[in-house]
Amino acid sequence: MAAPRFTKFDHKPRVIVTRRLPQAVETRMAELFDVTLNLDDHPMTREELLAAVAEAEVLAPTVTDTIDAGLIAAAGPQLKLIANFGVGVDHIDLAAARARGITVTNTPGVLTDDTADLVMALILAVPRRIAEGERIIRDGSWTGWSPTGMLGHRITGKRLGIVGMGRIGQAVAARARAFGLSIHYHNRNRLPKAVEGPLEATWWPTLDAMLARVDIVSLNCPETPETHHIIDARRLKLMQRHAFLINVARGTLIDEAALVAALEAGHIAGAGLDVFEHEPAIHPGLLGRPDVVLLPHMGSATFEARQEMGEKVITNIRVFADGHRPPDQVLEDY
Ligand code: DGY
């Protein structure tokens, strides 16, 4: 039987933070909590995480920590809250946490705009060959303007297919509209007319059908057992040969080896990736390709977002320790 939740603490909660957070966030945490910070910012080893869950009442991890069933099983009975710094919680076994009566929170909303901006940056960068252009300047191989030099593809008038039309998907759609793209989306549920209407968005009940019709695909869904490798070899073949694939969500949504094969075979025209299947390792087949733009998981990397994410972590811990449901409690079927 899961332990009762939302019990008021009669002391400062014992919090262990697994990575460095913005300085103001760490300072405030030190004022409010009995906190251990990770001052040299190294990604924690399994042994360090095991030691942390044996001691902490609150663990504040990030996407770089694997909080699986084994780790949760090894936690002491004092661990009551996992207050994730980040919106994605695919690195946390939610069912195992729930079974142990451990509450999980995340940081939604505050990184939506910044992440959607980065999606737009890749939607522009890949068809217009922006990274490639920058490279030829720096390596000295640019010989000057020519009528046929550095030709890419216009994005105005193209069809954008968004996979996962939650907060970030909708923010991408609003931006893309301003660039003259038409909006198509695949989502478990159709959005209300009040949301679809202003975006003039078309809902595709089946992903396969949408993939075959759009010019740019943007993945904006969470990683779950249902979405793992949602883009695999079969679906890459469904895409049009001139189409581009953009992923700022989770690397594991794409079968990366299949993506490399599809690029090599010309099944799609290019990809913009901010996330990778085996981060921080990058598939070697991607590294030398001019038709891909690769970024180091930086969708939410603005000073503003990271500060606000930290504030959300603090609020979640504070409200929880006061004996209330934290505002960003993650439900198992998020
Ligand atoms: C998120 O918030 O999920 C970002 O990917 C960083 O973890």
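The values are calculated or read from the model by the stated rules, or taken from the named source; none is laboratory data. Since the model is a prediction, treat every value here as computed from it, not as a measurement. Here the Cβ is made from the backbone with ideal geometry for all residues, glycine too, and neighbour counts use every protein chain on show. Areas reflect the complete protein model, heavy atoms only, side chains present, ligands, DNA and RNA absent. Shrake-Rupley method; radii C 1.70, N 1.55, O 1.52, S 1.80 Å.
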Identify, from the list ILE137, ILE168, ILE155, the residue that is at pLDDT 95 or above, away from the ligand (no atom under 13 Å from the Cβ), outside any loop (DSSP other than H, G, I, E, B) and among the β-branched types (Val, Ile, Thr).
ILE137
What pairs come out if I take residues in the range 306-333 that are away from the ligand (no atom under 16 Å from the Cβ) and modelled with pLDDT of 95 or more and pair them with residues that are part of a loop (DSSP other than H, G, I, E, B) and β-branched (Val, Ile, Thr) whose C-beta lies under 9 Å away, six or more apart or interchain?
GLY323/THR7
Show the residue pairs that are 6+ apart or on different chains and have beta-carbon atoms under 9 Å apart, the first residue being within the range 278-302 and assigned by TED's automatic domain parsing to the domain that holds ALA121 and more than 13 Å from the ligand (Cβ to nearest atom), the second being at pLDDT below 95 and open to solvent by 60 Å² or more (accessible area, probe 1.4 Å).
none
Quickly run through the range 228-273 and pick out the residues that are out of contact with any helix residue (DSSP H, G or I) (no Cβ under 6 Å at 6 or more places or on another chain) and in a loop (DSSP other than H, G, I, E, B).
HIS229, GLN240, ARG241, HIS242, ALA243, ALA249, ARG250, ASP255, GLY266, ALA269
Checking ALA97 against (1) touching a residue at least 60 places away in the same chain (Cβ under 8 Å); (2) away from the ligand (no atom under 16 Å from the Cβ), which test does it fail?
(1)
Flagged pairs (Cβ under 6 angstrom, 6 or more apart or on separate chains; first in the range 27-53, outside the structural domain of PRO280 (by TED's automatic domain parsing) and in contact (Cβ under 8 Å) with a residue 12 or more places away in the chain; second part of a loop (DSSP other than H, G, I, E, B) and loosely packed, with under 13 Cβ neighbours inside 10 Å) are none
How many of the residues in the range 210-226 are touching a helix residue (DSSP H, G or I) at 6+ places or on another chain (Cβ under 6 Å), closer than 18 Å to GLY299 by Cβ and in a loop (DSSP other than H, G, I, E, B)?
2
Can you tell me how many residues in the range 108-128 are more than 30 Å from THR315 (Cβ to Cβ) and out of contact with any Leu (no Cβ under 8 Å at 6 or more places or on another chain)?
5
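Going by the conditions given, is LEU94 farther than 23 Å from PHE303 by Cα and open to solvent by 20 Å² or more (accessible area, probe 1.4 Å)?
Working: farther than 23 Å from PHE303 by Cα: yes; open to solvent by 20 Å² or more (accessible area, probe 1.4 Å): yes.
In short, yes.
What do you reckon, is THR103 of a type in the set (Val, Ile, Thr), open to solvent by less than 20 Å² (accessible area, probe 1.4 Å), modelled with pLDDT of 95 or more and within 16 Å of the ligand (Cβ to nearest atom)?
Details: of a type in the set (Val, Ile, Thr): yes; open to solvent by less than 20 Å² (accessible area, probe 1.4 Å): yes; modelled with pLDDT of 95 or more: yes; within 16 Å of the ligand (Cβ to nearest atom): no.
Considered against the rule, which asks whether it is of a type in the set (Val, Ile, Thr), open to solvent by less than 20 Å² (accessible area, probe 1.4 Å), modelled with pLDDT of 95 or more and within 16 Å of the ligand (Cβ to nearest atom), THR103 comes out as no.
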